[in-house]
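The values are calculated or read from the model by the stated rules, or taken from the named source; none is laboratory data. Note that this is a predicted model, so its numbers are computed, not measured. In this analysis, Cβ positions are derived from the backbone assuming ideal geometry, glycine residues included, and neighbour counts consider all displayed protein chains. Areas reflect the complete protein model, heavy atoms only, side chains present, ligands, DNA and RNA absent. Shrake-Rupley method; radii C 1.70, N 1.55, O 1.52, S 1.80 Å.
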Amino acid sequence: MSRSVDVAIVGGGVVGCACARAAALAGLRVAVFEAGRVGAGATAAGMGHLVTIDDDPAEFALARLSMNLWRAWSAWDTIERRTTGTLWLAETAKQRDAAHAKLARLRAAGLSAEWLEPTVLQSVEPRLARDLAGALRVAGDEVAYGPELAARLAADVCAAGGAVEEMCAVAALRDDGLQLASGGRVSAGHVLLAAGCDSVRLWPGDAPLPLRPRKGQLAITDRHPGYVRHALVELGYIDSAHGDADEAVAFNAQPRASGQVLLGSSRSYRDASPDVDAALLARMVRRAQRFLPDIGSLQMLRCWAGFRPAMADGRPAIGRIPGTRGNQWVATGHEGLGLTTATGTASVWLDLLLGRAPAIDPAPYAPDRFVAVAA
Ligand SMILES: Cc1cc2nc3c(=O)[nH]c(=O)nc-3n(C[C@H](O)[C@H](O)[C@H](O)COP(=O)(O)OP(=O)(O)OC[C@H]3O[C@@H](n4cnc5c(N)ncnc54)[C@H](O)[C@@H]3O)c2cc1C
């Protein structure tokens, strides 16, 4: 492969691959350098829920843009995915009220959503606990398979004349390209740091990148096709995701294309071990039983843990790395929404690089927002 490119990208997760694809399709010579295998980092650990989260307006804008771009992707109809929609489950009257506010927001933005009273909820998801206060159904959300998203995006990069090098770690970003761990160098007009949690180690900016790995655990059952039909998420999940608790558990469950049920999830800043924490897993299962009382009758086949790249304010960093010459870029920190927002991230980043106006306001994602706060 050529060692001189327009854009050299560090990291072959879903974010790096989406950015590489966008740049390659725009006619730039692109190369991705991945220390391991494409899509094997946080991308492989994730649940694959492509979900239009609306609680933060900036996050909502990025999620909506991303969902539109996913649907416009040429591979969309041929990947493993299901349009399950999402049921946001209310346990209490207070959560029901919050769900109605959410419903109004989603409808105002033109999304298809409806409130399901408890009796209707029972008919659409009979396995759910009978004492729930109802659910908000959002129609367009999807369940996909993260590693496949990354692999197919990477295939597009290669088809467009770009290169994807696996087992090729980057040691440092340079003004004129990349220093590879093997000792080689890559000459590049621009470099993009998209190394997920490891972006911290390669970060060349003046102020530190305020990104922390946030561990999450998942479990998957044996095949029970039709056990649930929607992606199920407790409304309290949003507090868990946006909150800063050292450790939290919130219920969500998905019907996978294989017929398996994928159960999540936990969030922990304090556990840096890649191993599954059995006590926390037991908490997750208990939480799942609150919503799906007979879930214990399904055999759990596997469980795993991964690390979400979490920024201090919950929003990714997309743009120029502050304190560098202007040709070093970052796209990371997507926490638990990077599978959803990879395409929108790529669009915003590429527009900035090409000097075009992005489709959404990029300011909430500006990497220098933390420098300004620190000053
Ligand atoms: C338990 C869990 C559940 C999740 N569920 C969802 C969900 O349902 N929906 C959703 O949208 N998101 C979800 N996410 C979040 C999503 O998985 C991440 O936000 C997303 O995968 C981040 O992608 P990335 O490309 O930034 O990082 P990664 O996938 O981690 O990719 C970064 C890549 O950089 C490589 N790298 C690191 N250092 C170097 C180096 N020096 N040189 C070269 N390469 C390097 C790594 O090997 C890695 O492959 C979940 C995450 C977890 C952990």
Could you identify the single residue in Gly355, Gly326 that is in a loop (DSSP other than H, G, I, E, B), open to solvent by less than 30 Å² (accessible area, probe 1.4 Å) and either in contact with a His (Cβ under 7 Å, 6 or more places away or on another chain) or more than 16 Å from the ligand (Cβ to nearest atom) (or both)?
Gly326
Of the conditions (1) out of contact with any helix residue (DSSP H, G or I) (no Cβ under 6 Å at 6 or more places or on another chain); (2) closer than 22 Å to Ala288 by Cα, Leu106 satisfies every one except a single condition; which number is it?
(2)
So which residues in segment 37-56 are open to solvent by 20 Å² or more (accessible area, probe 1.4 Å) and either modelled with pLDDT under 95 or over 27 Å from Thr84 (Cβ atoms) (or both)?
Arg37, Asp55, Asp56
I need the full set of residues from segment 170-193 which are under 21 Å from Trp349 (Cβ atoms), open to solvent by less than 30 Å² (accessible area, probe 1.4 Å) and out of contact with any Pro (no Cβ under 7 Å at 6 or more places or on another chain), in order please.
Val170, Gly177, Leu178, Val186, Ala188, Val191, Leu192, Leu193
Give all pairs with beta carbons closer than 6 Å in which a residue from segment 212-237 that is of a type in the set (Asp, Glu) meets a residue that is part of a strand (DSSP E or B) and open to solvent by less than 10 Å² (accessible area, probe 1.4 Å); count only pairs at least 6 apart in sequence or on separate chains.
Glu234/Leu89; Glu234/Ala250; Glu234/Phe251
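For segment 290-302, how many residues meet the condition of being open to solvent by 60 Å² or more (accessible area, probe 1.4 Å) and in contact with a strand residue (DSSP E or B) (Cβ under 6 Å, 6 or more places away or on another chain)? It would help to see each step written out before you state the result.
Of segment 290-302, the ones open to solvent by 60 Å² or more (accessible area, probe 1.4 Å) are 290, 293-294, 297, 299-302.
Add one more test, that the residue is in contact with a strand residue (DSSP E or B) (Cβ under 6 Å, 6 or more places away or on another chain), and what stays is 299-302.
Residues meeting the conditions: 4.
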Could you go through segment 306-319 and let me know if any residue there is of a type outside the set (A, V, I, L, M), open to solvent by 30 Å² or more (accessible area, probe 1.4 Å), touching a residue at least 24 places away in the same chain (Cβ under 8 Å) and within 9 Å of the ligand (Cβ to nearest atom).
yes
Is there any pair with a first residue in segment 127-139 that is under 11 Å from Leu116 (Cβ atoms) and a second that is at pLDDT below 95 and surrounded by fewer than 18 Cβ atoms within 10 Å (Cβ to Cβ) whose Cβ atoms are under 7 Å apart and which are 6 or more apart or on different chains, and what are they?
Ala133/Thr92; Ala133/Ala93
Give the number of residues within segment 73-106 that are closer than 30 Å to Asp156 by Cα and either among the aromatic types (Phe, Trp, Tyr) or surrounded by 19 or more Cβ atoms within 10 Å (Cβ to Cβ) (or both).
5
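Only one of these is charged (D, E, K, R), over 30 Å from His190 (Cβ atoms) and buried (at least 19 other Cβ atoms within 10 Å of the Cβ): Arg287, Arg270. Name it. I'd like the intermediate steps shown before the answer.
Values: Arg270 fails: buried (at least 19 other Cβ atoms within 10 Å of the Cβ).
None of the other options fit; the residue is Arg287.
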Got a sec? Which of Asp313, Asp277 is under 21 Å from the mean Cα position of the chain (by Cα) and not basic (Lys, Arg)?
Asp313
Selection from segment 192-210 of residues in contact with a helix residue (DSSP H, G or I) (Cβ under 7 Å, 6 or more places away or on another chain), more than 10 Å from the ligand (Cβ to nearest atom) and closer than 24 Å to Gly36 by Cβ yields Leu192, Leu209
What are the residues in segment 85-106 that are β-branched (Val, Ile, Thr) and assigned to a strand (DSSP E or B), if any?
Thr86
Collect the residues in segment 329-352 that are within 18 Å of Arg308 (Cβ to Cβ) and either open to solvent by 30 Å² or more (accessible area, probe 1.4 Å) or touching a strand residue (DSSP E or B) at 6+ places or on another chain (Cβ under 7 Å) (or both), keeping them in residue-number order.
Val330, Ala331, Thr332, Gly333, His334, Glu335, Gly336, Leu339, Thr340, Thr341, Thr345
Sort out for me the strands (runs of 3 or more DSSP E) sitting completely within segment 177-264 that have 2 or more residues that are closer than 26 Å to Pro322 by Cα, β-branched (Val, Ile, Thr) and under 17 Å from the mean Cα position of the chain (by Cα).
none
